[in-house]
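Peer 1: My questions all concern the structure below.
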Amino acid sequence: MKGILGRKVGMTQVFTKDGKLIPVTVVSVEPNIVTQVKTKETDGYDAIQLATVDKKEKRASKASIGHAKKAKTTPKRYLKEIRNFEGTYNLGDTINADIFTAGEYVDVTGTSKGKGTQGVIKRWNQSRGPMTHGSHYHRGPGSMGTMLPMHVLKGKKLPGHMGVETTTIQNLEIIEVNVEDKYILVSGNIPGAKKSLVLIKSAIKKNGDNTPKEILTYEEETEETVVDEVVEEVSESETEVVEENAEEVKEETTEETKEDTKEENQEESK
(Lines give C-alpha, C1' and ligand atoms only; values in the text may rest on other atoms or scores of the structure.)
Protein backbone atom coordinates (compact mmCIF):
# COMPACT_ATOMS: atom_id res chain seq x y z
CA MET A 1 0.00 0.00 0.00
CA LYS A 2 1.17 3.52 -0.82
CA GLY A 3 0.12 6.70 0.93
CA ILE A 4 0.90 10.36 1.48
CA LEU A 5 -0.41 13.20 3.64
CA GLY A 6 -1.72 16.41 2.09
CA ARG A 7 -3.99 19.38 2.69
CA LYS A 8 -7.20 20.05 0.80
CA VAL A 9 -7.05 23.35 -1.10
CA GLY A 10 -10.39 23.44 -2.93
CA MET A 11 -12.14 22.33 -6.10
CA THR A 12 -11.77 23.29 -9.75
CA GLN A 13 -12.30 21.66 -13.13
CA VAL A 14 -10.18 20.46 -16.04
CA PHE A 15 -10.94 19.48 -19.62
CA THR A 16 -9.75 16.45 -21.55
CA LYS A 17 -8.78 16.50 -25.20
CA ASP A 18 -12.05 14.68 -25.92
CA GLY A 19 -13.96 17.69 -24.58
CA LYS A 20 -15.01 16.05 -21.32
CA LEU A 21 -15.18 18.19 -18.16
CA ILE A 22 -13.82 16.60 -14.98
CA PRO A 23 -14.40 18.21 -11.54
CA VAL A 24 -11.26 17.78 -9.44
CA THR A 25 -10.06 18.54 -5.93
CA VAL A 26 -6.66 20.16 -5.50
CA VAL A 27 -4.57 18.58 -2.72
CA SER A 28 -1.40 20.39 -1.67
CA VAL A 29 1.29 17.80 -0.96
CA GLU A 30 4.35 18.96 0.96
CA PRO A 31 7.29 16.52 1.34
CA ASN A 32 6.46 13.79 3.86
CA ILE A 33 9.24 12.76 6.27
CA VAL A 34 9.53 9.21 7.59
CA THR A 35 9.79 9.82 11.35
CA GLN A 36 9.45 6.19 12.50
CA VAL A 37 9.83 2.71 11.02
CA LYS A 38 8.11 -0.24 12.69
CA THR A 39 8.88 -3.90 12.00
CA LYS A 40 7.44 -7.24 13.06
CA GLU A 41 10.56 -8.03 15.10
CA THR A 42 10.30 -4.91 17.28
CA ASP A 43 6.64 -3.85 17.15
CA GLY A 44 4.73 -6.90 15.87
CA TYR A 45 3.73 -5.36 12.53
CA ASP A 46 5.24 -3.46 9.59
CA ALA A 47 4.46 0.23 9.27
CA ILE A 48 6.01 3.66 8.74
CA GLN A 49 5.06 6.98 10.30
CA LEU A 50 4.74 10.01 8.00
CA ALA A 51 4.98 13.61 9.18
CA THR A 52 4.34 16.85 7.33
CA VAL A 53 3.88 20.64 7.83
CA ASP A 54 6.52 22.28 10.02
CA LYS A 55 5.69 23.51 13.51
CA LYS A 56 7.53 26.08 15.63
CA GLU A 57 9.72 24.56 18.30
CA LYS A 58 8.35 26.88 20.99
CA ARG A 59 4.90 25.34 20.34
CA ALA A 60 6.17 21.76 20.35
CA SER A 61 6.71 19.53 23.35
CA LYS A 62 10.12 18.18 24.28
CA ALA A 63 8.99 14.68 23.39
CA SER A 64 7.95 15.71 19.87
CA ILE A 65 11.20 17.65 19.36
CA GLY A 66 13.25 14.63 20.40
CA HIS A 67 11.15 12.35 18.18
CA ALA A 68 11.78 14.62 15.18
CA LYS A 69 15.52 14.90 15.86
CA LYS A 70 15.87 11.13 15.47
CA ALA A 71 14.78 11.62 11.85
CA LYS A 72 17.00 14.72 11.53
CA THR A 73 14.06 17.03 10.91
CA THR A 74 12.04 19.74 12.63
CA PRO A 75 8.85 19.14 14.65
CA LYS A 76 5.85 18.44 12.46
CA ARG A 77 2.20 19.30 12.88
CA TYR A 78 0.63 16.17 11.39
CA LEU A 79 1.75 12.56 11.90
CA LYS A 80 0.12 9.44 10.47
CA GLU A 81 1.03 5.78 10.53
CA ILE A 82 0.46 3.57 7.48
CA ARG A 83 0.76 -0.20 7.72
CA ASN A 84 2.23 -2.54 5.09
CA PHE A 85 3.78 0.32 3.13
CA GLU A 86 5.20 -0.57 -0.28
CA GLY A 87 8.97 -0.37 -0.60
CA THR A 88 11.68 -0.05 2.00
CA TYR A 89 12.21 3.28 3.76
CA ASN A 90 14.66 4.40 6.38
CA LEU A 91 14.35 6.96 9.13
CA GLY A 92 14.47 10.47 7.68
CA ASP A 93 13.57 9.54 4.08
CA THR A 94 11.37 11.92 2.09
CA ILE A 95 8.22 10.95 0.15
CA ASN A 96 6.96 13.35 -2.52
CA ALA A 97 3.87 13.55 -4.72
CA ASP A 98 5.53 11.44 -7.43
CA ILE A 99 4.77 8.34 -5.36
CA PHE A 100 1.48 8.34 -7.30
CA THR A 101 0.99 8.66 -11.06
CA ALA A 102 -1.90 9.92 -13.16
CA GLY A 103 -4.49 7.21 -13.81
CA GLU A 104 -4.13 5.45 -10.45
CA TYR A 105 -7.16 4.93 -8.21
CA VAL A 106 -6.94 5.95 -4.56
CA ASP A 107 -8.97 6.14 -1.35
CA VAL A 108 -9.01 9.54 0.34
CA THR A 109 -9.63 9.83 4.08
CA GLY A 110 -10.44 13.09 5.86
CA THR A 111 -12.51 14.66 8.62
CA SER A 112 -15.92 15.82 7.41
CA LYS A 113 -17.13 19.37 7.95
CA GLY A 114 -18.79 20.14 11.28
CA LYS A 115 -22.52 20.96 11.06
CA GLY A 116 -23.23 21.51 14.75
CA THR A 117 -26.46 20.23 16.33
CA GLN A 118 -29.00 19.32 13.66
CA GLY A 119 -32.50 17.87 13.54
CA VAL A 120 -33.55 14.54 12.11
CA ILE A 121 -34.50 15.99 8.70
CA LYS A 122 -30.99 17.22 7.94
CA ARG A 123 -29.10 14.65 9.98
CA TRP A 124 -30.96 11.50 8.90
CA ASN A 125 -32.77 12.70 5.77
CA GLN A 126 -36.23 12.11 7.25
CA SER A 127 -39.41 13.65 5.82
CA ARG A 128 -41.41 16.37 7.60
CA GLY A 129 -45.06 16.11 8.54
CA PRO A 130 -47.97 17.94 6.87
CA MET A 131 -47.81 21.71 7.25
CA THR A 132 -51.61 22.35 7.09
CA HIS A 133 -54.96 21.20 8.53
CA GLY A 134 -53.75 21.60 12.10
CA SER A 135 -51.47 18.56 12.13
CA HIS A 136 -49.22 20.09 14.85
CA TYR A 137 -46.42 17.79 13.64
CA HIS A 138 -43.90 19.32 11.26
CA ARG A 139 -40.23 18.53 11.91
CA GLY A 140 -40.38 16.18 14.89
CA PRO A 141 -38.30 12.99 15.27
CA GLY A 142 -41.33 10.68 15.16
CA SER A 143 -42.37 7.87 17.46
CA MET A 144 -39.99 6.71 20.17
CA GLY A 145 -41.09 3.08 19.76
CA THR A 146 -43.16 0.71 21.87
CA MET A 147 -44.00 1.36 25.55
CA LEU A 148 -42.87 -2.05 26.79
CA PRO A 149 -39.16 -1.41 27.42
CA MET A 150 -40.04 1.99 28.99
CA HIS A 151 -36.97 3.61 27.47
CA VAL A 152 -35.72 4.77 24.08
CA LEU A 153 -34.13 1.90 22.19
CA LYS A 154 -30.45 2.19 21.37
CA GLY A 155 -29.80 3.29 17.80
CA LYS A 156 -32.89 5.48 17.49
CA LYS A 157 -32.26 8.28 14.99
CA LEU A 158 -32.67 11.51 16.94
CA PRO A 159 -31.37 15.10 16.72
CA GLY A 160 -27.76 15.59 17.72
CA HIS A 161 -24.25 16.55 16.67
CA MET A 162 -23.52 16.19 12.96
CA GLY A 163 -20.20 16.14 11.12
CA VAL A 164 -16.55 16.03 12.29
CA GLU A 165 -16.31 12.33 11.50
CA THR A 166 -13.53 10.37 9.82
CA THR A 167 -14.82 9.69 6.33
CA THR A 168 -13.28 7.77 3.42
CA ILE A 169 -14.27 8.09 -0.24
CA GLN A 170 -13.10 5.15 -2.34
CA ASN A 171 -12.01 4.73 -5.96
CA LEU A 172 -11.11 8.29 -6.89
CA GLU A 173 -8.91 8.68 -9.94
CA ILE A 174 -5.74 10.77 -9.90
CA ILE A 175 -5.93 13.19 -12.82
CA GLU A 176 -2.60 14.99 -12.51
CA VAL A 177 0.53 14.90 -10.34
CA ASN A 178 2.73 18.01 -10.24
CA VAL A 179 5.95 17.61 -8.26
CA GLU A 180 7.27 21.13 -8.96
CA ASP A 181 4.16 22.93 -7.69
CA LYS A 182 3.54 20.23 -5.04
CA TYR A 183 -0.07 19.29 -5.73
CA ILE A 184 -2.23 16.35 -6.82
CA LEU A 185 -5.54 16.62 -8.69
CA VAL A 186 -8.07 14.00 -7.56
CA SER A 187 -11.30 13.47 -9.45
CA GLY A 188 -14.51 14.32 -7.60
CA ASN A 189 -14.88 15.68 -4.08
CA ILE A 190 -13.13 14.58 -0.92
CA PRO A 191 -14.18 14.99 2.72
CA GLY A 192 -13.08 17.91 4.86
CA ALA A 193 -12.96 21.67 4.87
CA LYS A 194 -10.35 23.75 3.08
CA LYS A 195 -6.82 23.46 4.51
CA SER A 196 -7.80 20.27 6.36
CA LEU A 197 -5.56 17.21 6.50
CA VAL A 198 -6.30 14.32 4.11
CA LEU A 199 -4.67 10.95 3.62
CA ILE A 200 -4.34 9.59 0.08
CA LYS A 201 -3.85 5.80 -0.05
CA SER A 202 -3.91 3.14 -2.73
CA ALA A 203 -7.43 1.97 -3.52
CA ILE A 204 -8.44 -1.28 -1.86
CA LYS A 205 -10.98 -2.25 -4.52
CA LYS A 206 -8.85 -1.00 -7.45
CA ASN A 207 -11.71 -0.74 -9.93
CA GLY A 208 -11.38 0.97 -13.30
CA ASP A 209 -8.81 1.42 -16.03
CA ASN A 210 -5.42 2.87 -15.07
CA THR A 211 -4.85 4.74 -18.33
CA PRO A 212 -4.29 8.45 -17.57
CA LYS A 213 -6.59 11.11 -18.99
CA GLU A 214 -5.18 13.50 -21.59
CA ILE A 215 -5.68 16.92 -20.02
CA LEU A 216 -5.65 20.18 -21.93
CA THR A 217 -2.84 22.51 -20.88
CA TYR A 218 -2.66 26.26 -21.31
CA GLU A 219 0.58 27.23 -23.06
CA GLU A 220 2.00 30.73 -23.33
CA GLU A 221 1.54 32.56 -26.62
CA THR A 222 4.58 32.70 -28.92
CA GLU A 223 5.97 35.85 -30.48
CA GLU A 224 4.52 34.97 -33.90
CA THR A 225 0.88 35.93 -34.16
CA VAL A 226 -1.80 34.96 -36.65
CA VAL A 227 -1.36 38.28 -38.45
CA ASP A 228 2.34 37.62 -39.00
CA GLU A 229 1.60 34.19 -40.44
CA VAL A 230 -0.96 35.62 -42.86
CA VAL A 231 1.43 38.34 -44.02
CA GLU A 232 4.13 35.79 -44.74
CA GLU A 233 1.75 33.81 -46.94
CA VAL A 234 1.02 36.81 -49.19
CA SER A 235 2.86 36.40 -52.50
CA GLU A 236 4.97 39.00 -54.28
CA SER A 237 2.45 39.39 -57.11
CA GLU A 238 -0.25 40.32 -54.65
CA THR A 239 2.01 42.93 -53.07
CA GLU A 240 2.73 44.47 -56.51
CA VAL A 241 -1.01 44.73 -57.24
CA VAL A 242 -1.57 46.40 -53.91
CA GLU A 243 1.21 48.92 -54.61
CA GLU A 244 -0.21 49.77 -58.09
CA ASN A 245 -3.67 50.34 -56.62
CA ALA A 246 -2.18 52.60 -53.99
CA GLU A 247 -0.38 54.70 -56.63
CA GLU A 248 -3.59 55.06 -58.67
CA VAL A 249 -5.47 56.23 -55.60
CA LYS A 250 -2.75 58.80 -54.88
CA GLU A 251 -2.92 60.20 -58.46
CA GLU A 252 -6.70 60.51 -58.31
CA THR A 253 -6.54 62.31 -54.98
CA THR A 254 -3.90 64.77 -56.28
CA GLU A 255 -6.03 65.61 -59.37
CA GLU A 256 -9.10 66.20 -57.22
CA THR A 257 -7.17 68.51 -54.90
CA LYS A 258 -5.85 70.52 -57.86
CA GLU A 259 -9.37 71.05 -59.25
CA ASP A 260 -10.65 72.11 -55.84
CA THR A 261 -7.89 74.69 -55.47
CA LYS A 262 -8.66 76.15 -58.95
CA GLU A 263 -12.34 76.58 -58.10
CA GLU A 264 -11.47 78.27 -54.82
CA ASN A 265 -9.12 80.73 -56.54
CA GLN A 266 -11.81 81.63 -59.13
CA GLU A 267 -14.36 82.31 -56.44
CA GLU A 268 -11.89 84.56 -54.56
CA SER A 269 -11.12 86.58 -57.71
CA LYS A 270 -14.84 87.21 -58.33
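Peer 1: What about N189, is it open to solvent by 40 Å² or more (accessible area, probe 1.4 Å), closer than 30 Å to T211 by Cβ and part of a loop (DSSP other than H, G, I, E, B)?
Peer 2: Values: open to solvent by 40 Å² or more (accessible area, probe 1.4 Å): yes; closer than 30 Å to T211 by Cβ: yes; part of a loop (DSSP other than H, G, I, E, B): yes.
Here the answer is yes, as N189 does meet what is asked.
Peer 1: In this structure, does G129 turn out to be part of a loop (DSSP other than H, G, I, E, B), open to solvent by less than 70 Å² (accessible area, probe 1.4 Å) and either among the aromatic types (F, W, Y) or touching a Lys or Arg at 6+ places or on another chain (Cβ under 8 Å) (or both)?
Peer 2: Values: part of a loop (DSSP other than H, G, I, E, B): yes; open to solvent by less than 70 Å² (accessible area, probe 1.4 Å): yes; either among the aromatic types (F, W, Y) or touching a Lys or Arg at 6+ places or on another chain (Cβ under 8 Å) (or both): yes.
Answer is yes for this residue.
Peer 1: Further, regarding this structure: For segment 79-118, which residues satisfy the criterion of being open to solvent by less than 40 Å² (accessible area, probe 1.4 Å), assigned to a strand (DSSP E or B) and under 27 Å from H161 (Cβ atoms)?
Peer 2: Scanning segment 79-118 gives D107, V108, T109, G110, G116.
Peer 1: If M147 passes every condition in (1) under 41 Å from the mean Cα position of the chain (by Cα); (2) open to solvent by 50 Å² or more (accessible area, probe 1.4 Å) but one, which one does it miss?
Peer 2: Result: M147 passes all but (1).
Peer 1: Further, regarding this structure: Looking for whichever is under 17 Å from the mean Cα position of the chain (by Cα), under 21 Å from L199 (Cβ atoms) and of a type in the set (G, A, S) here; the options are G110, G87. Which one fits?
Peer 2: Working: G87 fails: under 17 Å from the mean Cα position of the chain (by Cα).
Testing whether each residue is under 17 Å from the mean Cα position of the chain (by Cα), under 21 Å from L199 (Cβ atoms) and of a type in the set (G, A, S) leaves just G110.
Peer 1: Taking segment 168-186 on its own, how many of its residues are charged (D, E, K, R), buried (at least 16 other Cβ atoms within 10 Å of the Cβ) and more than 13 Å from D107 (Cα to Cα)?
Peer 2: Our first condition is that a residue be charged (D, E, K, R); within segment 168-186, this holds for 173, 176, 180-182.
When the remaining residues are screened for being buried (at least 16 other Cβ atoms within 10 Å of the Cβ), the result is 173, 176.
Filter once more, keeping what is more than 13 Å from D107 (Cα to Cα): 176.
Within segment 168-186, residues that are charged (D, E, K, R), buried (at least 16 other Cβ atoms within 10 Å of the Cβ) and more than 13 Å from D107 (Cα to Cα) number 1.
Peer 1: Of all residues being farther than 24 Å from P75 by Cβ, hydrophobic (A, V, I, L, M, F, W, C) and surrounded by 12 or more Cβ atoms within 10 Å (Cβ to Cβ) in segment 18-46, which is farthest from the chain's Cα centre (by Cα)? Just the residue, please. Walk me through how you get there before you give the answer.
Peer 2: Quick first cut of segment 18-46, residues farther than 24 Å from P75 by Cβ only: 18-26, 39-41, 44-46.
Next, from what is left, pick out any that are hydrophobic (A, V, I, L, M, F, W, C): 21-22, 24, 26.
Keeping just the survivors that are surrounded by 12 or more Cβ atoms within 10 Å (Cβ to Cβ) gives 22, 24, 26.
Working: I22: 11, V24: 5, V26: 2 Å.
My answer is I22.
Peer 1: Which pairs turn up if I take residues in segment 154-168 that are more than 11 Å from G192 (Cβ to Cβ) and look for partners that are in a strand (DSSP E or B) and open to solvent by 70 Å² or more (accessible area, probe 1.4 Å) with beta carbon separation below 6 Å, at least 6 apart in sequence or on another chain?
Peer 2: H161/T117
The values are calculated or read from the model by the stated rules, or taken from the named source; none is laboratory data. Only a predicted model underlies this, so the values are computations on that prediction, with no experimental measurement involved. Neighbour counts run over all protein chains shown; Cβ positions are idealised from the backbone, glycine included. Surface areas here come from the heavy atoms of the whole protein model, side chains and all, with no ligands, DNA or RNA. Shrake-Rupley method; radii C 1.70, N 1.55, O 1.52, S 1.80 Å.
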